Amino acid sequence: MDMTVRTWDLPTARLLDCFLVESAATSVSLSEIGDFLATTHVDDLGVYLWSNRTLYSAVSLRPLPIDYQPEILAMPTTGEQPEVGEFRSEQQETEATGTSHLKAETEDQLAGELVTLSDLPRSRWHNLIHLETIKHRNKAKEPPKTSKAAPFFLPTVPGLDFKFSKDESANTRETDATSKRISLSQLQSKSPFQECLDDCAASGNFSLLMELLKGMGPSAISVELHTLGPESGGDVKQLGDMIRFFKFQLESRTDYEMVQAYMQVFLKIHGETVAKNSELRREAKELLELHKETWTRIEDLLNQSLCLVSYIKSATV
């Protein structure tokens, strides 16, 4: 009852994180996948929900020093955060713990026969699989009401980075007043994602497309995948290029779990179109064989590791 919340690494029995709260915690419960922590406190009827920072940013797993002094953090709230006990920035945490979040310089792929997972937060690809469920759960029960206190809203650019869009209305009015000619850029129908897909398909290297997908959110990726089909203004060639992109990623054995999520959503959207086209069926069959080969390799490695762990646990000294 010392009003601290501590995070331990059980295999090494080391303290990874520690912070103070305003009142002692009477109960703590961690979600099954470790993304949220629920706490209750003395003389408080509420249940407080803490989000795991590893889902959104890089967090150092180095143990805290012996002389580490924890700081008081504000309790989670749905309103404005109080000034006392705000979350520490990366620089403040570095000064407090005496450690820095140094990134180790490692190769993207240690060996060709190994499968490498993505270094992005799990929510970036896991939410894509359950995007329809999330949208249905977050659907508003009634239309939003315009606040009378807000005279205007600044438009923002869609994406993960918070940026204000440029005011092009004035430039558009000036252009319309001086000329009625249509610019070729206004007739361009392909998105940057589709242009990148075409360029990568022409060169045979889809690395740039993977980097573009990593910088997009689940909703943006879902929209781009929907626009690839002929029924949404795309063409069959782009569907074939997307299947070749999946084959390229499986052969490179990088970002394995993200590629699985992309394939699941892609086949869910365009599965019927792929089944009706003979060329796409041939490409999909090759992708299936490659996927089976890759998964068989992973399954063998997992079984070997499980057998080794079982042997060590049952062996007598």
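The values are calculated or read from the model by the stated rules, or taken from the named source; none is laboratory data. These numbers were taken from a predicted model, which means no experiment stands behind them. Here the Cβ is made from the backbone with ideal geometry for all residues, glycine too, and neighbour counts use every protein chain on show. Accessible surface is based on the protein model in full, side chains and every heavy atom, while ligands, DNA and RNA are left aside. Shrake-Rupley method; radii C 1.70, N 1.55, O 1.52, S 1.80 Å.
Extension gain, LEU55 to GLU293, is 82.6 nm, computed as 0.36 nm per intervening residue step minus the present C-alpha separation. Each of GLU251, GLU299 has its accessible area taken with a 1.4 Å probe; listed largest first, they run GLU251, GLU299. Per-atom-type breakdown for region 243-294 gives carbon and sulfur 53% of the accessible area (1.4 Å probe, protein chains only). Within the shell of other residues whose beta carbon sits under 11 angstrom from the beta carbon of CYS18, the net charge comes to -2, with Lys and Arg scored +1 and Asp and Glu -1. Around the amide H of TRP8, modelled in the peptide plane, lie the amide H atoms of LEU16, all under 5 Å away and 5 or more residues distant in sequence or on another chain.
Shown are LEU30, LEU37, whose ranking by accessible area with a 1.4 Å probe and every protein chain present, most to least, is LEU30, LEU37. When all protein chains stay in place and ligands, DNA and RNA are ignored, the 1.4 Å accessible-area order of VAL265, VAL42, largest first, is VAL42, VAL265.
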